[in-house]
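K.L.:
Structure in structure tokens, see below.
The values are calculated or read from the model by the stated rules, or taken from the named source; none is laboratory data. Fair warning: this is a prediction, and the values are worked out from it, not measured in the lab. Please note: Cβ atoms are built from the backbone with ideal geometry, for glycine as well, and neighbour counts cover all protein chains shown.
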Amino acid sequence: MDNKINSKKRLIVGISGASGVTLGINMLKILMKNLEWETHLVISRGAELTIAKETDYTLDDVKKLADKVYNINNIGDSIASGTFKTEGMVIIPCSMKTVAGIACGYSDNLLLRAADVTLKEGRKLVVVTRESPLSIIHLKNMLSLAEAGAMIVPPMVTYYNKPISIEDMNRHIVAKILDKFGIEVSGFKRWGEEISK
Ligand SMILES: Cc1cc2nc3c(=O)[nH]c(=O)nc-3n(C[C@H](O)[C@H](O)[C@H](O)COP(=O)(O)O)c2cc1C
């Protein structure tokens, strides 16, 4: 669904089947209110399951939070090409399977292909990797991604901002990720600074 006109900055948001799908939903909700940005959403099959298991959202509810939604199987859609201009991509949360796929260049679905394209075009790729504990395979794949230029941002809890709820923690994690794209989220507490309004 195209809600906004085309002069917006485009951000590809991938949601894969790791735990913490609520982080991806929170990010879409924040970006929906940001008139400078346009979200291009691709949801993996695994994520369809985690949305059902971990949230009260239906798949359609989540899709409605994005400006444009892609079918994961449509590997020829616009985000599969580097000529489609974007500011980059966030995969939130990112499963170890998706990490492995990107690390190997094994782009057999549109989310993986979009990540591959983001890297090859030298655009910003932020992967919110989530698994615990991490095996040596997971760690090696994440190292490959970091070496290829991706930013690995696991959804780590921070304490300096004194969160009092899970919502506080989630919002801080999402704000920290959006900060990588120069997107300011109200209430984000930076160390040594006043709270942004
Ligand atoms: C409720 C639930 C939670 C899961 N949590 C994780 C997780 O935190 N990290 C992970 O790497 N995989 C997790 N998985 C497994 C992935 O969903 C599975 O490996 C899937 O094939 C990933 O495919 P995708 O990356 O294409 O979504 C979870 C699965 C379910 C059903």
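K.L.:
Which one is surrounded by the most Cβ atoms within 10 Å (Cβ to Cβ), of the residues in segment 96-122 that are more than 11 Å from the ligand (Cβ to nearest atom) and among the hydroxyl-bearing types (Ser, Thr, Tyr)?
P.N.:
Step by step, filter segment 96-122, then rank; the result is Thr118.
K.L.:
Go through segment 41-58 and report how many residues are under 24 Å from Asp77 (Cα atoms), surrounded by 13 or more Cβ atoms within 10 Å (Cβ to Cβ) and not β-branched (Val, Ile, Thr).
P.N.:
Residues flagged as under 24 Å from Asp77 (Cα atoms), surrounded by 13 or more Cβ atoms within 10 Å (Cβ to Cβ) and not β-branched (Val, Ile, Thr) within segment 41-58 amount to 5.
K.L.:
Sticking with this structure for a sec: Need the failing condition index for Glu38 against (1) of a type in the set (Asp, Glu); (2) in contact with a Lys or Arg (Cβ under 8 Å, 6 or more places away or on another chain); (3) surrounded by fewer than 22 Cβ atoms within 10 Å (Cβ to Cβ); (4) modelled with pLDDT of 95 or more, just the number.
P.N.:
(3)
K.L.:
Enumerate the pairs (first residue in segment 135-164 and without any contact (Cβ under 8 Å) to a residue 12 or more places away in the chain; second residue anywhere and in a loop (DSSP other than H, G, I, E, B) and surrounded by 11 or more Cβ atoms within 10 Å (Cβ to Cβ)) with beta-carbon separation below 8 Å, excluding pairs fewer than 6 apart on the same chain, so at least 6 apart or on different chains.
P.N.:
Every condition considered, the pairs that remain are Pro163/Val157.
K.L.:
Within 12 Å of the ligand (Cβ to nearest atom) and at pLDDT 95 or above: does that describe Leu125?
P.N.:
no
K.L.:
Follow-up question, since we're still on this one. Is at least one residue of segment 29-44 part of a loop (DSSP other than H, G, I, E, B), within 15 Å of the ligand (Cβ to nearest atom) and in contact with a Ser or Thr (Cβ under 6 Å, 6 or more places away or on another chain)?
P.N.:
Yes - at least one qualifying residue is present in segment 29-44.
K.L.:
For Ile166, indicate whether it is exposed (fewer than 15 other Cβ atoms within 10 Å of the Cβ) and of a type in the set (A, V, I, L, M, F, W, C).
P.N.:
Yes.
K.L.:
Can you name the residue in segment 45-88 that is outside any helix (DSSP H, G or I) and within 12 Å of the ligand (Cβ to nearest atom) and is also nearest to Gly122 (Cα to Cα) among such residues?
P.N.:
Result: Ile72.
K.L.:
So which residues in segment 147-162 are outside any loop (DSSP other than H, G, I, E, B) and surrounded by 13 or more Cβ atoms within 10 Å (Cβ to Cβ), if there are any at all?
P.N.:
Scanning segment 147-162 gives Met151, Ile152.
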